[in-house]
Amino acid sequence: MVDQLLLGDNSFIGVSHLAQDKAREEAKEAGLENKISVIESAIAGGATGFTFSTYESNLALLKHLSTSREDLLKRLQYYILVPHVQSYVRKANIAGTTSLLRQELSNALPRASFLWDAVISSLRLKPENFAAALLKAELVPYLKILPKENVAGILLHEVLTELVMAFDLPDLVTCLEGSLQRSGLSLGFETRNFSHLCEYISRRELRPKYLMTPFNPLGYQMARSKEAVEKAVDSLGKNAKIIAINVLASGAIDINQAVQYIRRFKDTIYAVTSSSTKPSRIRHNFQTLRSDLVEGSYSRAE
């Protein structure tokens, strides 16, 4: 049975893969109080977690919850997607790549001057240490706010996942995994090339705890094909926790169609996500997911 129902942040941050103008309008409507209403409605409908990217607006939301609605903060499990790629692109466009690296190093590494020579030498020998330091620095503000026991997993953004596969960087994965484990955190991947990732982690004998990927009856964003992804889900679902995203194919289908499809894989899908800026809609979506996909559903959320 599906174990977790996760609220996604796409609607909060204005992300849509089919209707970007509509998504931007939704993001404008998604003020702080609206987001809190959505979270309340999601929990009432059966949501057990929140998966989000490290956008500044998400940090502001979580800070507010930690000071004003700690009851909501403690009721959810958290799955954090890093890095926030767009922020690095914007900073590089403004200040240049060299300045970006210098700034991020200063944020991520010890500031004591006598340590810098040793640190920089280490990074030259092992650039994966630099990537680990950057990711941990990006996570620090969130880990200070969230209850430690509620942070379930850290997932690599698809851009970094694709780089790992394209340039064959298993040492980077091992370094990141070890760095997170020392902080009591688990590593995962997000990708739209799930069947390729399945082959890669099998070939390199990697054991990520979480795998996040689009999963819907239209096969939208499912590469190399819907059939190949379904086969990979059946295979990997025995060893990893698979998180299904974009289950409505960016709004092309309704929640009932999504449930009917996912039901066939509910023994290998660990979590299903849903996102909206409409409290009534998100509550309905999670009620539908809960009643059809989660074993012992109503007793858990009420």
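The values are calculated or read from the model by the stated rules, or taken from the named source; none is laboratory data. In this text the structure is predicted, and so the values were computed from the model without any measurement. FYI the Cβ positions are ideal-geometry reconstructions off the backbone, even for glycines, and counts take in every protein chain you see.
Descriptive notes on the structure:
- Sole residue being of a type outside the set (D, E, K, R) and under 27 Å from residue 175 (Cα atoms), chosen from 216, 239: 239
- Residues of segment 189-220 that are more than 14 Å from residue 165 (Cα to Cα) and of a type in the set (Gly, Ala, Ser): 219 alone.
- Hey, residue 71 more than 22 Å from the chain's Cα centre (by Cα), part of a helix (DSSP H, G or I) and either at pLDDT below 95 or of a type in the set (Val, Ile, Thr) (or both) or not: no
- Members of segment 243-255 found to be outside any loop (DSSP other than H, G, I, E, B) and more than 20 Å from the chain's Cα centre (by Cα), listed by number: 255
- One residue from 184, 188 being touching a strand residue (DSSP E or B) at 6+ places or on another chain (Cβ under 9 Å), among the small types (Gly, Ala, Ser) and closer than 23 Å to residue 221 by Cβ: 188
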